[in-house]
There are 2 protein chains.
Amino acid sequence: MDKRKKQIRSFEVAELANISRSTVSRALSGDPRISDDTRARVEAAAATLGYQPNLIARGLKNQTTGIVGVVVTDLDNAYHAHALQLLIEKLGAKRLAPLVFVGNTAEGAENAIARLMSYQVDAVIALAAPFSSEIVAACRAGKKPLVLMNRHDGPEDVSLVYGDSLRAGAMVADHLIEQGATSFAFFAGDDTTSISADRERGFTDRIYEKGFQMVGRAASRYLHAEALRVAPGLLASGAQAIFCANDTLAFALVDATRSAEITTTPLIVGYDNSALAAWPAYSLTSVDQNLGEMTSVTVDIAQTMVTGASNKARRVIIEPFLAARRSTQGQARK
Amino acid sequence: MDKRKKQIRSFEVAELANISRSTVSRALSGDPRISDDTRARVEAAAATLGYQPNLIARGLKNQTTGIVGVVVTDLDNAYHAHALQLLIEKLGAKRLAPLVFVGNTAEGAENAIARLMSYQVDAVIALAAPFSSEIVAACRAGKKPLVLMNRHDGPEDVSLVYGDSLRAGAMVADHLIEQGATSFAFFAGDDTTSISADRERGFTDRIYEKGFQMVGRAASRYLHAEALRVAPGLLASGAQAIFCANDTLAFALVDATRSAEITTTPLIVGYDNSALAAWPAYSLTSVDQNLGEMTSVTVDIAQTMVTGASNKARRVIIEPFLAARRSTQGQARK
DNA sequence: TCCGGTTGTGCACACGTGTGAACAATGCAT
DNA sequence: ATGCATTGTTCACACGTGTGCACAACCGGA
């Protein structure tokens, strides 16, 4: 209807303060050449009019928008959803705005990246994106800094932030050996990234190093239903302790132990320490990747690149820790 | 380093095609006044150069950015996370870009909205935002259309999309009565929105209408740990069937029945039909709000307002349905 | 009075795009 | 040959902002 009621611009502020538009800009940006009383007058005028600068126009002029593209896949996975939340919160705290795209479908991914670049984002954060090669190419073409979360391989010019999967695998092995287990198995995921493979390698290397044997292995996509079908075969291996590449797999495995008729329940360890792991229904021992620190470091890197303080790609490894719960207390679970 | 390698603009395309810049713009936007062969030439040039229009500049000129602000709270709640994922996907399918803000902290909320408006979003979608009054005020001041998801009250000029909680409550009551229950209880949430209250009213009204009695009631925030502390008191009421305002509450209630020493486990119904409800560990009967349709309608409304096809606020009620599982099969659970 | 320095402000341009209006070219009828 | 409609293209401006440069005002010293 009366949509033509104009948005208030810096011009209106200048008019009210009896001053030129450029002085308004300088006063609000803290230019030292502006006298204190005119600055006060400008600020008063801006406040009464409720002036908010148009960040689109500013972005066009300054060639920097304050927008960070975030590419994420599979938000059904609680771990990714939590990471996204932390990213959004921490970007917001640094006055960066996240433009989020979900790239599940392969065709949508290509498209999403193109649109993301069209919006002149200052940086791109990709979270567990399987199609990262296109992203890398697009960011390189557009000269945009790129941070990959949860991947440990990539070209020289992209930043990497990821958990120390090898060390985590070793930690889990030590913990299970301490609890008295002597035969072991691994429940793998189907990552296109090699995250699952690293967890497995760190685990098995330590097992062998300590003189024990791996007696079973299975793999499944990170879907509860599918993992549930695969689980009985893994349980049949008779392993006393099973390390799962992911909490979802671990929950399915626990569910399988309940429905199947087995004499002894193995010790079970998951990965991601999702909220559900702490619930009494599972009380699952799980590796915590320290997502809080991981996301903090990620946005720090992104911001550093944006402000131009440095454009050197960095790679940071985050140390995980183990949240031990009932699922690895051999005696308590008879 | 060599960051001064210029981004290719429409000017470069025009240069390559031996044509003026405005003709490039018209050719790509499908203006019928452009001859077919020049259009083909322009498209070829754009393709070889990999031209992607600068949406920031376009947004400034057209006064419409294609960006939709999404405000969400509490992404830890799997239900919200899932809704956000669907919103992002469906906005993407309509070529709208979601700028996401999390407004958990009250101080951050005010700030987030201001920045959101500064980015000249075309519309705002608020998902279960408790601080909606500020959002309404900001959108009204900025003349931006606003869609509230999962709220059934609001001013005349904002659109509302929400599930029919009263009907869902009645459906649950009918289902439990069918299963043979004769005494009932309700486990309430602490919504600032009145969603939980509606679910309760629809439920109890039907219970009374059928001549039965409510014998218990408890309330908790939507946190597993807190709900777990409250649950035993509710179980002590001896109700044969308990309807929970939320799956999280229901899961806690189920956990409580396991740890406590009770002779008969009540029938339990949750709300949201989260992924976990289908897992065998709980197999929880739950109300499905039909999030797919809800989010579709929401982005449809947003898009309609953006394209200017209509600026009349709409309110749409989504019909829920019941996913019945083992938790309400009286005989199977002895 | 003139000059040079300091301090505060305004003019005009640029960012990359879309679009109304003007204009060149062509065909057709008078 | 001239007027007129049609078709394809270009010119010039606007969107709202930041900023280099010029410039006004003022002061102190010669």
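Figures for the structure shown
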{"read-out": "Global size of chain B as Cα Rg and Dmax, reported in angstrom", "value": "25.9, 86"}
{"read-out": "Solvent-accessible heavy-atom area per residue, rounded to whole Å², over the stretch A:143-245 at 1.4 Å", "value": "40 Å²"}
{"read-out": "Computed accessible area, A:ASP205, all protein chains, 1.4 angstrom probe, square angstrom", "value": "80 Å²"}
{"read-out": "Chain A, relative contact order in percent, only Cα pairs under 8 angstrom and at least six apart counted", "value": "14 percent"}
{"read-out": "At 7 Å out from Cα toward Cβ: B:ALA236 inter-copy label distances (nm, ascending)", "value": "4.9"}
{"read-out": "Selected from B:SER25, B:SER296, B:SER132 as most flexible by GNM, with chain B as the system and alpha-carbon contacts under 10 Å", "value": "B:SER25"}
{"read-out": "Those aspartates and glutamates that a straight Cα-Cα span of less than 16 Å connects to A:LYS144, excepting residues fewer than 8 apart in one chain", "value": "A:ASP122, A:GLU134, A:GLU156, A:ASP157, A:ASP300, B:ASP2"}
{"read-out": "Stokes-Einstein D (µm²/s) once Rh is taken as the Kirkwood radius of the protein assembly as shown over alpha-carbon pairs, at 20 °C in 1.002 mPa s", "value": "78 µm²/s"}
{"read-out": "Teacher prompt: B:ARG21 distances to equivalent labels in other copies, 7 Å Cα→Cβ, nm", "value": "1.9"}
{"read-out": "Of all accessible heavy-atom area on chain B, the percent that carbon and sulfur account for (1.4 Å)", "value": "51 percent"}
{"read-out": "Alpha carbon centroid spacing (whole Å) that separates the stretch B:165-185 from the stretch A:194-222", "value": "49 Å"}
{"read-out": "Dimensionless Rg/Rh of the stretch A:281-325 - Kirkwood Rh, Rg from C-alpha atoms", "value": "1.22"}
{"read-out": "Fraction of beta bridges assigned by DSSP in chain B that are antiparallel (%, nearest 5)", "value": "5 percent"}
{"read-out": "Residue-wise HN-Hα coupling along the stretch B:315-320, computed from phi with Karplus coefficients 6.51, -1.76, 1.60 (Hz; x: Gly, Pro)", "value": "10, 10, 9, 9, 7, x"}
{"read-out": "Net charge of Cβ neighbours under 11 Å - reference A:ALA97; Lys, Arg +1; Asp, Glu -1", "value": "+2"}
{"read-out": "Chain A Cβ-axis minimum, rotational copy B, residue and distance in Å", "value": "A:ALA81, 2"}
{"read-out": "Spread of Cα-to-Cα distances over 5 Å intervals beginning at zero, given as percent, for the stretch B:10-53", "value": "5, 29, 41, 21, 5"}
{"read-out": "Cβ neighbours within 10 Å from other chains - mean over B:54-64", "value": "5"}
{"read-out": "Interface size B-A, as summed buried accessible area [1.4 Å probe, Å², nearest 100]", "value": "4900 Å²"}
{"read-out": "Exercise: per-residue mean of other protein chain Cβ atoms within 10 Å, B:272-284", "value": "4"}
{"read-out": "MRE, 222 nm, helices only [DSSP H, n ≥ 4, -39500 (n - 2.57), over the protein assembly as shown, to nearest 500]", "value": "-14000 deg cm²/dmol"}
{"read-out": "For the protein assembly as shown, share of DSSP beta bridges that run antiparallel, in % to the nearest 5", "value": "10 percent"}
{"read-out": "Label spacing, shortest first and in nm, from A:ASP205 to its equivalents in the remaining copies (7 angstrom along Cα→Cβ)", "value": "6.4"}
{"read-out": "Peptide ranges A:94-103, B:174-183 listed from the most packed, as the mean C-beta count within 10 angstrom indicates", "value": "A:94-103, B:174-183"}
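The values are calculated or read from the model by the stated rules, or taken from the named source; none is laboratory data. No experiment lies behind these values; they were computed from the predicted model shown. Please note: Cβ atoms are built from the backbone with ideal geometry, for glycine as well, and neighbour counts cover all protein chains shown. The area values use the complete protein model at the heavy-atom level, side chains included, leaving out ligands, DNA and RNA. Shrake-Rupley method; radii C 1.70, N 1.55, O 1.52, S 1.80 Å.
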